[in-house]
Amino acid sequence: MKHTIVAIVDNKPGVVSRISGMFTRRGYNIESFVTSVTGDESIYHLTFTVIGTQSETEQLISQLGHVSEVIEVYEMSVSVPHVTRELMFVRVACPKESRPQLISFISEMNYKAVGESETNVVVEVTGEPAVLDEAVQSLSNFGEISIARSGAVSILI
């Protein structure tokens, strides 16, 4: 099962490396790991998506809480009001004759066409991870696809 964890940490040299190393040493399966600065340059916002059981996630949160640079750590769950989104680019190999149908579909689904060549269209999709999964399935109907995903970013409401 997927779990999204957010850690607010001091922006100090090596802190991201130490935390990701802790994941590796303990054998956690990381699906995505996104880091960003906050409004305060001395603080980083880390969003992890991990695969594991609830008890493994609780243990990970506890272990993260022992890292000296960690200010706050919590799991984004149904009971916690939050917003989670991902960004994905999908390159669709789409011949010119099929392009009008693809462009119409992109518009209908509120995706964005952000790049185009003779043989490909690059589509931008943002939303919850499940929305991106559905987009992959739908866009693959128009031709061969290549995907680049950002990983989840999450914040409390």
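The values are calculated or read from the model by the stated rules, or taken from the named source; none is laboratory data. Because the structure is a prediction, the values reported are computed rather than measured. Note: ideal-geometry Cβ built from the backbone for every residue, glycine included; neighbour counts use all protein chains shown. Side chains are part of the model used for accessible areas, which takes the heavy atoms of the whole protein and leaves out ligands, DNA and RNA. Shrake-Rupley method; radii C 1.70, N 1.55, O 1.52, S 1.80 Å.
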Anything in the range 16-28 that is outside any helix (DSSP H, G or I) and open to solvent by less than 30 Å² (accessible area, probe 1.4 Å)? List them, or say none.
none
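Residue by residue through the range 105-157, note down the ones that are in contact with a Cys (Cβ under 8 Å, 6 or more places away or on another chain), in a loop (DSSP other than H, G, I, E, B) and on the phi < 0 side of the Ramachandran plot. Break it down into steps so the answer makes sense when it comes.
Here is the first cut: in the range 105-157, the residues in contact with a Cys (Cβ under 8 Å, 6 or more places away or on another chain) are 119-121, 142-143.
Narrowing the set further to residues that are in a loop (DSSP other than H, G, I, E, B) leaves 119, 143.
Matches in the range 105-157: Thr119 only.
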Is it true that some residue in the range 40-49 is over 17 Å from the mean Cα position of the chain (by Cα), without any contact (Cβ under 8 Å) to a residue 12 or more places away in the chain and under 30 Å from Lys12 (Cβ atoms)?
yes
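Filtering the range 1-15 down to residues that are within 10 Å of His45 (Cα to Cα) and open to solvent by less than 40 Å² (accessible area, probe 1.4 Å), which residue is farthest from the chain's Cα centre (by Cα)? Break it down stepwise before answering.
The initial filter retains those residues of the range 1-15 that are within 10 Å of His45 (Cα to Cα), namely 6-11.
Cutting the leftovers down to open to solvent by less than 40 Å² (accessible area, probe 1.4 Å) gives us 6-9.
Working: Val6: 12, Ala7: 15, Ile8: 17, Val9: 19 Å.
Checking each candidate, the answer is Val9.
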Among the residues of the range 95-131 satisfying the criterion of being in contact with a Ser or Thr (Cβ under 8 Å, 6 or more places away or on another chain) and under 18 Å from Lys2 (Cβ atoms), which is surrounded by the fewest Cβ atoms within 10 Å (Cβ to Cβ)?
Glu128
Report yes if some residue within the range 87-94 is within 23 Å of Val125 (Cα to Cα) and in contact with a Lys or Arg (Cβ under 6 Å, 6 or more places away or on another chain); otherwise report no.
yes
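To keep it simple, each residue is scored yes or no on (1) at pLDDT 95 or above; (2) among the aliphatic types (A, V, I, L, M); (3) outside any strand (DSSP E or B).
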site	(1), (2), (3)
Glu31	no, no, no
Gln63	no, no, yes
Tyr74	no, no, no
Leu87	yes, yes, no
Ile103	yes, yes, yes
